[in-house]
Structure formats: C-alpha cells, structure tokens
Ligand code: NI
C-alpha cells in the first residue's frame, strides 16, 4: 500500500471523463488499497480514481453516518457507479474537495439517491444513501465525469472563513 499524490485543480486529468473498470485484477486491488490509504491520510471522506491520476470509474468513501455513535465509519468501494434514482428534494450543504485544497462551497444536491455499481471484485451492488452520504456519492461520481463542486455553485470561499469548521472539514 502506498499514499498516492492527489491531483489538484486545474490539472486537466480532473476534467476528463473516466473509463469503465473492466478488469478486477490485482492491479485494481492495489489501486483500491492505495486510494483508501490516501483518503485516510488526507484526511477525506471520499476519493475518486482521477484524483490520483487514474482515469477509471472507481470511488472510495468512508463516512460515519452518525457522529455521536461509537460505530466505526463505513467504507464503500464502488466501480462503475451510476445514480439510478435521485430524489427531487434537494439539500444545500457546504463541501470541500481534496483536489481544491483550502476552499469550500455551498452546493445543492439530491437529498436521497440510489446508486448501482460493482464492488471491488466486480459483483453488482446497490447503495441507498441520504444526507451527507448521498452528497459524498454525488460529489465522487461527478469526479468521474470531469465535474468539480466549483462548477455547481457560485458560492465558494476560503475554508478558513467558514464559521462551522466541522462541516468545512468534510473534504472529498
Ligand atoms: Ni472532490
């Protein structure tokens, strides 16, 4: 396992549409392990393969739904994720991105989504997510399509100006 360098805006790698994962081989498993380690070291709650310079449709997310519970955060690894359903209800939230260090923005996202993809071994999987987890999935899937959170909002500011650092620190 190794921590990989995180590509930052405006590197053009972040703007390309990533390719489908076709081979669930040892190379992919190593990439997944590196992405998990890189996300944890950053620290962040999510990471997409293009953010480590690999143009594949692959994301990792680690997020604890309930900060007050003792339950450990849940780790999600998903290849080829697709949003099957999104609620028409939306929520505004402040998010950051490991590829845009030091900045956060207020982004409107679907409040609930159903995501379909494949696990790290290629087996089909579905995740129903709401709230922050739904936000993180939407943010990471955007990365696979070359979209950054700054494309979805006019309200971007330096993280230091954020009055509620707990939320501003949620970087993905
Ligand atoms: Ni991001």
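The values are calculated or read from the model by the stated rules, or taken from the named source; none is laboratory data. The model shown is predicted, which means the values in this text are computed figures rather than measured ones. Note that we place each Cβ from the backbone using ideal geometry, even for glycine, and neighbour counts take in every protein chain shown.
Working only within segment 145-172, note down all residues that are within 11 Å of the ligand (Cβ to nearest atom) and at pLDDT 95 or above.
Taking segment 145-172 as the starting set, the residues that turn out to be within 11 Å of the ligand (Cβ to nearest atom) are 147-150, 170-172.
Result: 147, 148, 149, 150.
Looking only at segment 2-12, count every residue that is in contact with a helix residue (DSSP H, G or I) (Cβ under 6 Å, 6 or more places away or on another chain) and surrounded by 11 or more Cβ atoms within 10 Å (Cβ to Cβ) and tell me the total.
4
Going through segment 95-109 one residue at a time, which ones are over 14 Å from the mean Cα position of the chain (by Cα) and in contact (Cβ under 8 Å) with a residue 60 or more places away in the chain?
101, 104, listed by residue number.
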